[in-house]
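Structure, as structure tokens:
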Amino acid sequence: MTKLIVGLGNPGDEHIEDRHNAGFWFVDALAKQLSARFETEKRFLGKVAKAKWEGDDLFLLKPATYMNLSGQAVSALCRFHKITPENILVVQDELDLKPGSARIKLGGGTGGHNGLKDIQAHLGTADYWRLRLGIGHPRDIAGDGRVMDVADYVLRRPLQSEQKLIETSIKNGLEILPLFLKGDAQTAMLELHSKS
């Protein structure tokens with residue numbers, strides 16, 4: 001069964017270290033683990049890496065459309081390779097989880113995440129898998145009572161302490177991925193949630 005793992009983020013060197021690019025960080029780490037190389041694929045509006053997992057094709061995608069238009073790239077690749085929503089895992093940054101936390105789930109709302117909104121609009125369903133990597137929320141930052149705008153927050157680099165926690169959640173996500181890809185989502189979920 002062909003599967004797709006999409007990392008969400010924004011293209012361009014100026015965004016590489018943004019919190020919003022946590023999904024890119026995950027698929028970059030996975031590609032390295034699988035010795036797979038990302039190549040620019042114009043017809044899929046992004047960078048694509050292809051690997052084998054237990055004999056099945058596994059595609060990794062980093063949309064080059066900017067976050068708010070991620071669905072264009074996802075739907076283009078899915079249509080071409082006939083990948084169904086239940087075989088898609090979208091890896092995203094999550095404001096409502098603290099750095100170091102990660103959660104996996106099937107379907108649900110978008111939580112205001114523009115990348116997810118666009119993917120849902122293009123696929124016509126919410127029934128795809130999400131791996132949510134916690135980046136924290138600007139309201140959680142102790143300070144003088146003012147809260148940073150969410151758009152400013154996600155488009156900034158995490159503090160070093162936060163970065164280490166996010167890297168830990170990426171590592172935890174990669175560790176449960178074999179269980180998830182062989183179809184044991186329930187055990188993968190329990191293992192991941194117990195690590196967070």
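The values are calculated or read from the model by the stated rules, or taken from the named source; none is laboratory data. From a predicted model like this one, the values you see are computed outputs, not experimental measurements. Counting neighbours? That spans all protein chains shown, and the Cβs are built from the backbone with ideal geometry, glycine included. Surface accessibility is based on the protein's heavy atoms, side chains included, excluding ligands, DNA and RNA. Shrake-Rupley method; radii C 1.70, N 1.55, O 1.52, S 1.80 Å.
For the chain, what is the calculated [θ] at 222 nm in deg cm²/dmol (nearest 500), taking -39500 (n - 2.57) for each run of four or more DSSP H residues and dividing by its residue count?
Taken over the chain, the calculation gives -11500 deg cm²/dmol.
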Residue-count net charge about Ser194 - beta-carbon cut-off 12 Å; Lys, Arg +1, Asp, Glu -1 | 0
Compute the length gained on full extension between His15 and Leu155: take 0.36 nm times their separation in residues and subtract their Cα-Cα distance, giving the result in nm to one decimal.
-> 49.7 nm
Given the options Ala73, Ala102, Ala151, which has the most mean-square fluctuation in a GNM of the chain, springs set between C-alpha atoms less than 10 angstrom apart?
-> Ala151
How much net charge surrounds Tyr66 when only other residues with a Cβ under 15 Å from its Cβ are counted (Lys, Arg +1; Asp, Glu -1)?
-> -2
Heavy-atom accessible area per residue of the stretch 66-196, all protein chains kept, 1.4 Å probe, expressed in Å², is 50 Å²
Label points 7 Å out from Cα along the Cβ direction at Arg139 and Leu69: separation in nm?
-> 3.2 nm
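State the antiparallel share, in %, of DSSP beta bridges confined to the chain, rounding to the nearest 5.
Once the DSSP bridges in the chain are tallied, antiparallel ones form about 55 percent.
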Positive minus negative residues near Ala22 (Lys, Arg vs Asp, Glu; Cβ under 9 Å) = -2
Sorted by accessible area (1.4 Å probe), largest first, how do Met189, Met1, Met67 line up?
-> Met1, Met189, Met67
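Taking all protein chains as present, what is the carbon and sulfur share of the accessible area of the chain, in % to the nearest whole number, probe 1.4 Å? Don't jump to the answer; show the numbers that get you there.
Numbers: 4870 of 9680 Å².
In the chain, the share of accessible area belonging to carbon and sulfur is 50 percent.
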Calculated from the structure, log10 I(q)/I(0) by the Debye sum over Cα atoms at q = 0.19 Å⁻¹ equals which of (i) -1.66; (ii) -1.27; (iii) -1.42?
-> (iii)
Heavy atoms of His137: accessible area, 1.4 Å probe, square angstrom to 10 | 30 Å²
Nearest 10 degrees, 0 to 90: what angle lies between the long axis of helix 160-181 and the longest principal axis of the chain (Cα atoms)?
-> 30 degrees
In degrees between 0 and 90, to the nearest 10, how far off the longest principal axis of the chain does helix 22-34 point, with axes built from Cα atoms?
-> 40 degrees
Leaving ligands, DNA and RNA out of it, work out the accessible area of Lys117 with a 1.4 Å probe and give it in Å² to the nearest 10.
-> 100 Å²
